[in-house]
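*Asks:* Before I ask anything, here is the structure I am working with.
No value in this document is a laboratory result; all are computed from the given coordinates. Being a predicted model, the structure only gives us computed values, none of them experimental. Please note: Cβ atoms are built from the backbone with ideal geometry, for glycine as well, and neighbour counts cover all protein chains shown.
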Amino acid sequence: MKLYYAPGVCSLAAHIAATEAGLPLDLAKVDIRSEPHRIADGRDLKEVSPKGVVPVLELDDGRILTEGVAILLYLADRKPEAMLAPAHDSFDRYRLHEWLTFISSELHKTFSPWLFHPEYGPQPAIIAKERLRDRFGILQAHLAAHDYLVADRFSIADAYCFTIMNWSRGRGIDLGDWPHLMRYLAGIAERPSVRAALATEGLRA
Ligand SMILES: N[C@@H](CCC(=O)N[C@@H](CS)C(=O)NCC(=O)O)C(=O)O
């Protein structure tokens with residue numbers, strides 16, 4: 001399998017999940033700040049996926065899977081024994097989807113586009129940061145009573161949540177008002193899979 005990724009962006013979640021599961025992954029770096037977005041081999045990312053955004057997962061048979069949540073679920077289901085997603089027939093599986101959807105629509109897409117598109121100017125960042133406070137409160141309330149998002153064990157939801165929340169660093173977002181969220185993120189950052197994925201992407205934990 002090959003993961004098309006850009007350092008530290010949402011594709012990091014898939015990188016962490018594959019590392020956590022021990023699934024071998026070829027990595028193809030994409031420059032999402034160039035137009036068009038160039039893969040390290042010189043191709044335009046749109047030649048691989050018309051959506052032109054990372055993450056993209058290329059299976060060994062050539063099939064292409066896009067959308068981070070779909071990729072995370074696919075990776076978790078390749079290695080059920082790694083228990084990165086609850087069993088299909090359990091209610092916790094729906095809790096997993098509940099969190100993945102929350103992270104995707106309420107966190108990820110509130111952080112972007114201002115984070116990666118400076119052409120939007122300062123105003124969207126101000127509004128988004130205010131909206132994010134509500135979302136952080138929802139996470140904080142859950143994490144006051146739990147170490148992880150789903151079923152009290154690390155899952156793909158935690159890999160995704162960590163990846164997106166990590167964007168707070170150095171962006172004028174002080175997480176001091178959400179101590180349980182800070183504790184949770186610090187714990188995830190210590191996981192060997194997270195440290196390894198960050199290091200491979202040239203980032204520090
Ligand atoms: N709906 C997609 C969105 C992926 C996405 O927003 N990718 C960003 C990085 S986090 C990207 O590649 N942005 C490049 C761009 O917007 O041109 C998913 O959830 O996977």
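*Asks:* Nearest 0.05, what FRET efficiency do Glu106 and Arg204 give at R0 = 22 Å with Cβ-Cβ as r?
*Replies:* That gives a FRET efficiency of 0.20.
*Asks:* Given R₀ = 22 Å, FRET efficiency for Ala196-Arg78 by Cβ-Cβ distance, to 0.05? Mind dumping the intermediate values first?
*Replies:* Working: r = 18 Å, r/R0 = 0.83.
Working from the Cβ atoms, E equals 0.75.
*Asks:* I've got another one for you. Consider all pairwise Cα distances in the range 75-134 and report the whole-number % of them above 19 Å. Don't jump to the answer; show the numbers that get you there.
*Replies:* Numbers: 856 of 1770 pairs.
Of all Cα-Cα pairs in the range 75-134, 48 percent lie more than 19 Å apart.
*Asks:* As a test of the formula, what do you get for the chain when each DSSP H run with n ≥ 4 contributes -39,500 (n - 2.57) and the sum is divided by the residue count, at 222 nm and rounded to the nearest 500 deg cm²/dmol? Present the calculation step by step, with values, prior to reporting the outcome.
*Replies:* On the way: 7 runs with 86 residues, N = 205.
After summing the helix terms and dividing by the residues of the chain, the value is -13000 deg cm²/dmol.
*Asks:* Could you check the spin-label model distance between Asp89 and Lys2? Points 7 Å from the Cα along Cα→Cβ, value in nm.
*Replies:* Label-label distance for Asp89 and Lys2, simple model: 3.9 nm.
*Asks:* So if I take the alpha carbon set of the range 91-191, get Rg, then get Rh from the Kirkwood formula, what is the Rg over Rh ratio? Please report the intermediate quantities before stating the final value.
*Replies:* On the way: Rg = 13.5 Å, Rh = 14.0 Å.
Expressed as Rg/Rh, it is 0.97.
*Asks:* Now a separate question. Going by how many other Cβ atoms sit within 10 Å of their own, how do Leu59, Leu175 line up, fewest first?
*Replies:* The fewest-first ordering by Cβ neighbours comes to Leu59, Leu175.
*Asks:* I've got another one for you. Give me the one-decimal nm value for the distance between modelled label points at Glu119 and Glu47, 7 Å along each residue's Cα-to-Cβ direction.
*Replies:* The answer from the label model is 2.3 nm.
*Asks:* Okay, moving on. In this model, which of Lys79/Lys109; Lys46/Lys129; Lys51/Lys109 are farther than 20 Å apart at the alpha-carbon? Display every interim value, and only then the final one.
*Replies:* Details: Lys79/Lys109 28 Å; Lys46/Lys129 31 Å; Lys51/Lys109 16 Å.
Table pairs above 20 Å Cα-Cα are Lys79/Lys109; Lys46/Lys129.
*Asks:* Fewest Cβ neighbours within 10 Å first, please rank Arg93, Arg169 accordingly. Write out the running numbers ahead of the final one.
*Replies:* Values: Arg93 16, Arg169 11.
Ordered by Cβ neighbours within 10 Å, fewest first: Arg169, Arg93.
*Asks:* Additional query: Restricting the calculation to Cα positions, tell me the Rg (one decimal) and the Dmax (whole number) of the chain in Å.
*Replies:* 16.5, 48
*Asks:* Turning to a different aspect of this structure: Per 0.36 nm of contour for each residue apart, how much would the distance between Asp60 and Leu27 grow if the chain were fully extended, relative to their Cα-Cα spacing? Show your work: numbers first, answer last.
*Replies:* Numbers: separation 33, 0.36 × 33 = 11.88 nm, distance 1.30 nm.
Here the answer is 10.6 nm.
*Asks:* Among DSSP beta bridges whose residues both lie in the chain, state the antiparallel percentage, nearest 5. Let's see the in-between values first.
*Replies:* On the way: 10 of 14 bridges.
The antiparallel fraction comes to roughly 70 percent.
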